[in-house]
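J.: Okay, handing you the structure first.
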Amino acid sequence: MTASPDAFAELMARDEAEIDLARACLLIAEDAYPGLDIDGYLGEIERFAVRLRGRLAAGDGQEERVVALNRFLFDELGFSGNADNYYDPRNSYLNEVLDRRTGIPITLSVLYMEIGRRIGLPLEGVSFPGHFLVRLPLRGAMLVLDPFSAGEAQSEADLRVRLQRVIPEGAAGGVPVAELPLDSFLEPASKRQILARLLRNLKGIYREADRPQRLLDVLNRTLVVSPEAHGILRERGLLYQRLEAYRAALKDLQDYSALEPEAPDIDDVRAAVLELTARCARLN
């Protein structure tokens, strides 16, 4: 079944608790896979959870459920992180992750959370710098897991090593990376934040690959998820200009100028607006 064009916007208009994260990911994928059977893929996730629930004992605690989830998803079903072809765009589309059983940290984390939620694990996403993770509150403590590495638990030392890979020394106001408070990096990500990060990944991939139509799809979705991200209006306007959609380009850049009159690049944007205004007048 193909979703209506407004299905994604309707989903994003809901309260956080009512957003179906897996459905939102599949609606994003529909841009690249027109006619995608969204309900079919959601049904596959549900069937995975039903199979796993059938193996759990009534008295299993959260630790046992995590072990069972890891064994089922990674050992039995064979899901794994795609380290060999990390920037393949298919890794960012949940349907492809389900079909190919490989992905990147954020898409594997979405799948991990969606199945975990269905077996009673209140898993939360973590927008950790450079590598998306999952966390589970556990008796006054916090278990941090890496679905890209088969659900491996992350120690404090592991997390600090990750930080040192992405935060240069001296970049944190003179505080050594080894002394930065980890809690500030382990806050739960909202569903909108997760989707925005997924879209940032795709934006980078399609910009690098110079695929303007795919990039446009991503920017359109991003503005629905994060309408306050005014810089995306500028990016989309300039992309419309490149695609010779001059009226659409003019509107986006005019809107950006009105919303961000003090932006560092405002003079360049206003120059583009003047050029586009003249070009659009010639089209009439």
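J.: Which length gain, in nm to one decimal place, applies between Leu259 and Tyr87 when the Cα-Cα distance is subtracted from 0.36 nm times their residue separation?
T.: Length difference between fully extended and current span is 58.6 nm.
J.: Under the rule a/c < 1.5 gives rounded, and otherwise a/b versus b/c splits prolate from oblate, where does the range 191-276 land using the Cα gyration tensor?
T.: Oblate.
J.: Sticking with this structure for a sec: Between Glu244 and Arg160, how high is the FRET efficiency from 1/(1 + (r/R0)^6) when r is the Cβ-Cβ distance and R₀ = 45 Å? Nearest 0.05.
T.: Here the calculated transfer efficiency is 0.35.
J.: Please give me the summed charge of the neighbours of Gly59: other residues whose Cβ is under 15 Å from its Cβ, Lys and Arg +1, Asp and Glu -1.
T.: 0
J.: Still on this model: Treating the angle as unsigned and between 0 and 90°, give the value, to the nearest 10°, between the Cα long axis of helix 191-208 and the longest Cα principal axis of the chain.
T.: 60 degrees
J.: What is the sum of charges around Gly116, taking Lys and Arg as +1, Asp and Glu as -1, for the other residues whose C-beta is under 12 Å from the C-beta of Gly116?
T.: Around Gly116, the charge tally is +3.
J.: Another question, if that's okay. Explain nothing, just the number: relative contact order of the chain, from Cα pairs under 8 Å at least 6 residues apart, as a whole percent.
T.: 14 percent
J.: Can you check what the net charge comes to around Val97, using other residues whose Cβ is under 12 Å from the Cβ of Val97 (Lys, Arg +1; Asp, Glu -1)?
T.: Once all neighbours under 12 Å are counted, the net charge is -2.
J.: Next question. Of all DSSP beta bridges located in the chain, what percent are antiparallel, nearest 5?
T.: 85 percent
J.: In nm, to one decimal, how far is the modelled label at Thr277 from the one at Leu180, with both set 7 Å along Cα→Cβ?
T.: 4.4 nm
J.: As a test of understanding, state the convex hull volume per residue of the chain from its alpha carbons, in Å³.
T.: 156 Å³
Readers should treat all values here as calculations from the given coordinates under stated rules, not as data from a laboratory. Predicted model only: the values in this text are computed from it and were never measured. With ideal geometry, Cβ positions are generated from the backbone for all residues, glycine too; neighbour counts draw on all protein chains shown.
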